Amino acid sequence: MSIRGRAFIAGAFEHPGRRLPDISVAQIHAEAALGAVADAGLSLDDVDGLFTGRDAPGAGGLSLADYLGLRGLRYLDSTESGGASPLYHVGHAAAAIALGKCSIALVTLAGKARGHAFGGPSLPEDPFETVFGARPPLASYALAAQRHMYEFGTTSEQLAAVKVAASVHAQHNPHAFLRKQLTVADVLASPLVADPLHRDDCCVVTDGGGAVVVVSPEVAATLPRQSVKLLGHGEAVRHSNGGKVDVTVTAAAAAGPAALREAGVTPADIDYASLYDSFTIAVIEQLEDLGFCAKGEGGPFAADGGLIAPYGRLPFNTDGGGLCNNHPANRGGITKTIEAVRQLRGEANPGVQVPGCELALVSAIGGDLAARMRSAVLVLGREDA
Amino acid sequence: MTLPVPSPEISPELAEFWAATTEGRLLLRRCRACGEAIWYPRPPCPFCHSTDTVWEQAGGRGRIYTYTVVRRGIGPYKDAPYVLAYVELDEGPRVMTNIVDCDFGALEIGLPVEVTFRPAAEGAALPRFRPVS
């Protein structure tokens, strides 16, 4: 396969401004985007892929997606390569389109170089969030937990059960940052950090890191170790949606089904899940949004022991997760992926290895829960899957 | 604690919004094409992508959609605790803000609140909310 003939540039627009003291960088991006989609005879509602560099406000194009009200994004790329970034983006967009990951990709570049030093643009949401002590990421998870409790009757005890399950698993991991097994009462006795979240609802803060190597099928076949097959992948964004924010639903509600569909499996087929656990409430919402239980039933799922390996309904984060084991650089995605690989290779710690583990799901969150976040989900299988 | 009042960065297209805050008025952006109220305010409509949007004065009342008492603040808010919330305005949008002049223990989702402006640096005041007395 190549990208030759698989993608076309259908619209292009150069902003007419050369001195723009009266509009923000976000607004220049917006005007450029509107011009390009209009040139193509399309609307921003048609855009399902967003490609941006460092000149776009916010991490990973997220603030721009919010500003523009892009709600159907299923592919994002924020490769930063200086002035050459848009060419990377066109090439990467073509690859994504060729694979069916998106079909209408928007590439934008904008900035105000006159009178401004090099550096990233300010965030358009800052004057309406940061000034009030938005306290990312902690407070957004607390706001979500409070509303989840109100709508669904979720309790602090149910949130604590997520931490307890992680701590049960961490006992088997000699490298875990926290190895002490906790009880629900322990978690509730820890100090409140942002009501209703207690300190023990939070992940650990650790140094460290990790890496994975992705290879072609031809290379995998030549290697001595058992590889893990990538079966499906999905991405999605949620943001403030012009003021219609809903903090009880994560972007996994869109990314999960996309990944499962590509893999050709259902939630019931999954043997093990790595679920992003920066805070306990994140696990509860992902369980629901990924389809492992109905909306609002994530709390009882955890409280009933459903997450505990090896025999719970859905063993999760068997390394102890971010809640007890490791959360290097305040980013949990790599450790989540690594533990899923261990499970599929049969190399998890013996006390928590899921017997006959053939299918695993990895779900990660980037950003503030629901309010402005990206989700990515992988479905992984054994090499012979 | 006495809440800090950080100065918002005033982007050029929102100068009118911030000027209104110094006069005790809360503005919303309204889309004339689809009719939606837009928050946070911006010129293009994030719902229908029309650029035909205008300022409209909000009533300044709403109810708490969700809230948290932040006990581990950072930056200007390091001297926690304080209340961070989303307030659902009567006009519909859910806006991030602080709840002030309140007893933390008396807060609950659905509580009626009204806007109160706290002067920041010259040219802006922060729209915070307090329980309706």
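Structure values in brief
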{"quantity": "Stretchable slack from A:A38 to A:R199, in nm (0.36 nm times residue separation minus alpha-carbon distance)", "calculated": "53.0 nm"}
{"quantity": "Cleavage-rule hits, trypsin sites (Lys or Arg not before Pro), the range A:140-202, DSSP coil, Cβ neighbours within 10 Å at most 11", "calculated": "A:K180"}
{"quantity": "Inter-site label distance for B:I74 and A:A221 at 7 Å from Cα along Cβ, in nm", "calculated": "4.9"}
{"quantity": "Unit charges on C-beta of K, R, D, E only; dipole of chain B, Debye", "calculated": "300"}
{"quantity": "Computed helical MRE - 222 nm, chain A, DSSP H runs ≥ 4 contributing -39500 (n - 2.57), nearest 500", "calculated": "-9500 deg cm²/dmol"}
{"quantity": "Extreme residue, positive dipole direction of chain A, given options A:P121, A:G91, A:F132 (C-beta unit charges)", "calculated": "A:G91"}
{"quantity": "Two-site FRET efficiency, B:T51 against B:E122, from Cβ-Cβ distance with R₀ of 35 Å, rounded to 0.05", "calculated": "0.70"}
{"quantity": "Three-way shape call for the range B:12-131 based on the alpha-carbon gyration tensor, with the a/c threshold at 1.5", "calculated": "prolate"}
{"quantity": "Assigned charges on the beta-carbon of Lys, Arg, Asp, Glu; the range A:138-382 dipole about Cα centre (debye)", "calculated": "400"}
{"quantity": "GluC sites (Glu not before Pro) lying in DSSP loop within the range B:1-66, provided at most 12 other Cβ fall within 10 Å", "calculated": "B:E23"}
{"quantity": "Inverse mean reciprocal Cα-Cα distance (Kirkwood Rh) of the range A:226-346, Å", "calculated": "15.1"}
{"quantity": "Label-point separation, A:T266 to A:I9 (7 Å along Cα→Cβ), nm", "calculated": "4.6"}
{"quantity": "Projected area averaged over orientations for chain A, convex hull of C-alpha atoms, nm²", "calculated": "20.0"}
{"quantity": "Three-way shape call for the range B:65-133 based on the alpha-carbon gyration tensor, with the a/c threshold at 1.5", "calculated": "oblate"}
{"quantity": "Stretch gain in nm, segment A:D186-A:D246, where the contour uses 0.36 nm per residue and the Cα spacing is subtracted", "calculated": "18.5 nm"}
{"quantity": "Three-way shape call for the range A:10-58 based on the alpha-carbon gyration tensor, with the a/c threshold at 1.5", "calculated": "oblate"}
{"quantity": "Two-site FRET efficiency, A:K112 against A:A294, from Cβ-Cβ distance with R₀ of 51 Å, rounded to 0.05", "calculated": "0.60"}
{"quantity": "Listed residue (A:A33, A:P217, A:V187) projecting farthest to the positive dipole end of chain A, Cβ model", "calculated": "A:P217"}
{"quantity": "Qualifying trypsin sites (Lys or Arg not before Pro) in the range B:40-116, DSSP loop, other Cβ atoms within 10 Å at most 11", "calculated": "B:K78"}
{"quantity": "Helical mean residue ellipticity (222 nm; -39500 (n - 2.57) per DSSP H run of 4+; nearest 500) of chain B", "calculated": "-1500 deg cm²/dmol"}
{"quantity": "Furthest towards positive pole of dipole, B:A120, B:G24, B:T97, structure part chain B, Cβ charges", "calculated": "B:T97"}
{"quantity": "Potential lengthening between A:A98 and A:E151 on full extension [0.36 nm per residue; Cα-Cα distance subtracted]", "calculated": "14.9 nm"}
{"quantity": "Size of electric dipole in the range B:1-68: Cβ of Lys, Arg +1 and of Asp, Glu -1, about Cα centre, debye, nearest 20", "calculated": "260"}
{"quantity": "At q = 0.15, 0.19, 0.20, 0.29 Å⁻¹, base-10 log of I(q)/I(0) for the range A:303-361 (Debye sum, equal scatterers on each alpha carbon)", "calculated": "-0.41, -0.65, -0.72, -1.27"}
{"quantity": "Length-normalised contact order of chain A in % [C-alpha pairs under 8 Å, at least 6 apart]", "calculated": "19"}
{"quantity": "Unit Cα scatterers, Debye sum, the range A:14-105: log10 I(q)/I(0) for q = 0.13, 0.14, 0.16, 0.25 Å⁻¹", "calculated": "-0.42, -0.49, -0.65, -1.53"}
{"quantity": "Per the protein assembly as shown, cysteines lacking a partner by the 4.7 Å Cβ criterion", "calculated": "A:C102, A:C202, A:C203, A:C293, A:C324, A:C357, B:C102"}
{"quantity": "Rounded to 5, the percent of DSSP beta bridges in the range B:12-131 classed as antiparallel", "calculated": "95"}
{"quantity": "Distance between modelled label sites at B:E114 and A:D384, nm, 7 Å Cα→Cβ extension", "calculated": "7.3"}
{"quantity": "Translational diffusion coefficient (Stokes-Einstein; Kirkwood radius from C-alpha pairs) of the range A:120-248 at 20 °C, 1.002 mPa s, in µm²/s", "calculated": "114"}
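Read-outs: derived from the displayed coordinates by stated rules, not from any lab. No experiment lies behind these values; they were computed from the predicted model shown. So basically every Cβ, Gly included, is an ideal-geometry build from the backbone, and we count neighbours across all protein chains shown.
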